[in-house]
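S.K.: Right, I'll just put the structure down here and ask away after.
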Amino acid sequence: MSLHAIRPWRQIDRRSSRQIMVGNVPVGGDAPITVQTMTNTITTDIKATIEQVQACAEAGADIVRVSAPDEASAKALKEICAESPVPIVADIHFHYKRAIEAAEAGAACLRINPGNIGDASRVREVIKAAKDHDCSIRIGVNAGSLEKHLLDKYAEPCPEAMIESGLDHIRILEDNDFQNYKISCKASDVFLAAAAYQGLAEATDAPIHLGITEAGGLVSGTIKSAIGLGNLLWMGIGDTIRVSLSADPVEEVKVGYEILKSLGLRHRGVNIISCPSCARQGFDVIATVAELEKRLEHIKTPMSLSIIGCVVNGPGEALMTDVGFTGGGAGSGMIYMAGKQDHKQSNDGMIDHIVDLVEKRAAELDAEAVAAE
C-alpha cells in the first residue's frame, strides 16, 4: 500500500449532509468530494465544447458545467451530454425555458436561482422537468447578483443576505416537494464567502458546492481559492468544489485536486514533494520537477514522489514517499523505494529512470488495490 497514511492529527471530520446524485456521481453524504469545472467555449460550437469537456474529464473532473444562455445552446446540450464522459451541469440564468430544454437534452443538473427564473408557475415547470428527467438542481447564490430586496434590506452584500437568499431558494424547491438539490453561496471576497458558507452549513443539511467566484488569474486565483476553499474544507464544509480561474478549465481541475490532496481529502496522481532548491543542490531541481510533472501527468494512481536537491532534508522526505531521489555529489544521487535507500543513480538519465520507477510502482499499487477488492 502507499506510504500516505492517515493519522489522527490529519483527519478532517466532514459535515454531515444529505446525498444527491448528479447523473451517476454521488454528491454529499460519505461520497468523495467531487471536482468540477466549467467550459469556456461557445456552447453551440459542439465539437470544441465536447473536446474541452473530454480534456477536463481526462484531467480528473467529475462533473463539468456548460453555459446555456440561449435556445441554440440548450439544444446543443443534447449532443454534448451524449458524448460527455462525465455528468453535465447546465448553467441557466433568467430563462426558465432554457432550464426545461436543458433537462430534456440530458443535463444531469441545472444551475439556477429559483428566484430569478420567473413566477411560481414557471418555477413549478422547471421542477417538473427536473423530476421527469431525473435532473438535480444547484441553487447558485452569488454576492454579485443578490436580489434587490435583500440589498435594500442589508444595504450591501453580506453573509446574512447571502444565507437568506439561499434559504429562500431552498424554500421554493421544498415547497414544490423537490429535495434533489445542492447549494452554493459564492463571493470573490474570501472573508465574505467563508462566513456565508459557514452560516449556510449550519442552516441546512443540503450538499454544499464550494467556490470563490471570479478568483482571478492562474496564480492569484489559485492562492485565493486555496485560502478560501482550504479553510472551509479544513472545517469539514464542502461536498463538491470548483476553482474559478481566468485560465484553461483543465488548470481549474488540477488546482482543485491539489487543494484536496493537500488536506488528505482526495488523492489522484503523483504528489511530488520537492525543495525550492539552493546552492546545495546536486542537480537542477526546478527543471527536473517541471519535466517530471509533464511526464507523469498520465498516472492516475495516488502515490508520492520526493525530489530533493541535497541530503539535508532529502533522506527524511524520502522516508515518507513511495519513490524518492536525493541529490548528492559527483553527479549522482540516491534512489529511495518505499522510504528505504535502494540504489545510486547518476544525474544523467535520472528523469527517465524516475519515470520508469514511478510507472512500475503505480502498476504495483493498482494490482494491490484490485487484489484487495
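S.K.: Identify all residues within the stretch 160-194 that are under 22 Å from residue 149 (Cα atoms), hydrophobic (A, V, I, L, M, F, W, C), open to solvent by less than 40 Å² (accessible area, probe 1.4 Å) and in contact (Cβ under 8 Å) with a residue 24 or more places away in the chain; write none if there are none. Give the derivation first.
M.R.: The first filter runs over the stretch 160-194 and keeps only residues under 22 Å from residue 149 (Cα atoms), leaving 160-175, 183-189, 192-193.
With hydrophobic (A, V, I, L, M, F, W, C) added as a condition, the list becomes 161-163, 167, 170, 172-173, 183, 185, 187, 192-193.
Next cut, open to solvent by less than 40 Å² (accessible area, probe 1.4 Å) only: 161-163, 170, 173, 183, 185, 187, 192-193.
Residues satisfying the conditions are 162, 163, 170, 173, 183, 185, 187, 192, 193.
S.K.: I've got another one for you. For the list (1) of a type in the set (Gly, Ala, Ser); (2) in contact with a Ser or Thr (Cβ under 7 Å, 6 or more places away or on another chain); (3) part of a loop (DSSP other than H, G, I, E, B), I need the number of the one condition that residue 48 fails.
M.R.: Every listed condition holds for residue 48 apart from (3).
S.K.: List the residue pairs whose Cβ atoms are under 6 Å apart, where the first residue sits in the stretch 340-351 and is touching a residue at least 40 places away in the same chain (Cβ under 8 Å), the second is in a loop (DSSP other than H, G, I, E, B), and the two are 6 or more positions apart or on different chains.
M.R.: 347/283; 347/331
S.K.: Pick from 254, 294: which is open to solvent by 40 Å² or more (accessible area, probe 1.4 Å), within 25 Å of residue 41 (Cα to Cα) and out of contact with any helix residue (DSSP H, G or I) (no Cβ under 9 Å at 6 or more places or on another chain)?
M.R.: Working: 254 fails: out of contact with any helix residue (DSSP H, G or I) (no Cβ under 9 Å at 6 or more places or on another chain).
Result of the check over 254, 294: 294.
Matching residues to (1) at negative phi; (2) among the charged types (D, E, K, R); (3) in contact with a Pro (Cβ under 6 Å, 6 or more places away or on another chain):
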| site | (1), (2), (3) |
| --- | --- |
| 105 | yes, no, no |
| 131 | yes, yes, no |
| 167 | yes, no, no |
| 182 | yes, yes, yes |
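S.K.: Now, a different point. Could you pull out the residue among 232, 305 that is buried (at least 21 other Cβ atoms within 10 Å of the Cβ), in contact (Cβ under 8 Å) with a residue 40 or more places away in the chain and not polar (S, T, N, Q)? Talk me through it step by step, then tell me what you get.
M.R.: Numbers: 232 fails: in contact (Cβ under 8 Å) with a residue 40 or more places away in the chain.
Criteria check complete, one pass: 305.
S.K.: Against the conditions (1) modelled with pLDDT of 95 or more; (2) under 17 Å from the mean Cα position of the chain (by Cα), where does residue 216 fall short? Just the number, please.
M.R.: Unmet condition: (1).
S.K.: To continue, here is another question. What are the residues in the stretch 311-344 that are in a loop (DSSP other than H, G, I, E, B) and under 34 Å from the mean Cα position of the chain (by Cα), if any?
M.R.: Residues satisfying the conditions are 313, 319, 320, 321, 322, 338, 339.
S.K.: State the number of residues belonging to the stretch 213-232 that are in contact with a strand residue (DSSP E or B) (Cβ under 7 Å, 6 or more places away or on another chain) and farther than 15 Å from residue 253 by Cβ.
M.R.: Step one: of the stretch 213-232, the residues in contact with a strand residue (DSSP E or B) (Cβ under 7 Å, 6 or more places away or on another chain) are 213, 224-225, 228-229, 232.
Remaining after also requiring farther than 15 Å from residue 253 by Cβ: 213, 224, 228, 232.
The total comes to 4.
S.K.: Taking residue 103 as the residue in question, decide whether it is hydrophobic (A, V, I, L, M, F, W, C), under 27 Å from the mean Cα position of the chain (by Cα), open to solvent by 30 Å² or more (accessible area, probe 1.4 Å) and modelled with pLDDT of 90 or more. Break it down stepwise before answering.
M.R.: Values: hydrophobic (A, V, I, L, M, F, W, C): yes; under 27 Å from the mean Cα position of the chain (by Cα): yes; open to solvent by 30 Å² or more (accessible area, probe 1.4 Å): no; modelled with pLDDT of 90 or more: yes.
Judged against the criteria, residue 103 is not a match.
S.K.: Of the residues that sit in the stretch 121-164 and are among the aliphatic types (A, V, I, L, M) and farther than 15 Å from residue 181 by Cβ, which one is nearest to the chain's Cα centre (by Cα)?
M.R.: Start the filter on the stretch 121-164 by keeping residues that are among the aliphatic types (A, V, I, L, M), which leaves 123, 126-127, 129-130, 137, 139, 141, 143, 146, 150-151, 155, 161-163.
The next check asks that each one be farther than 15 Å from residue 181 by Cβ; those that pass are 143, 146, 150-151, 155, 161-163.
Numbers: 143: 21, 146: 25, 150: 30, 151: 31, 155: 33, 161: 26, 162: 23, 163: 23 Å.
Among those that are among the aliphatic types (A, V, I, L, M) and farther than 15 Å from residue 181 by Cβ, it is 143.
S.K.: List pairs: first residue in the stretch 11-39 and closer than 22 Å to residue 57 by Cα, second residue open to solvent by 70 Å² or more (accessible area, probe 1.4 Å) and among the aliphatic types (A, V, I, L, M) anywhere in the structure, Cβ distance under 6 angstrom, at least six positions apart or on different chains.
M.R.: Qualifying pairs under 6 Å: none.
The values are calculated or read from the model by the stated rules, or taken from the named source; none is laboratory data. Quick caveat, the model's predicted, so the values are computed rather than measured. All Cβ positions, glycine included, derive from the backbone under ideal geometry; neighbour counts span all protein chains shown. For accessibility, only protein heavy atoms count, side chains too; no ligands or nucleic acids. Shrake-Rupley method; radii C 1.70, N 1.55, O 1.52, S 1.80 Å.
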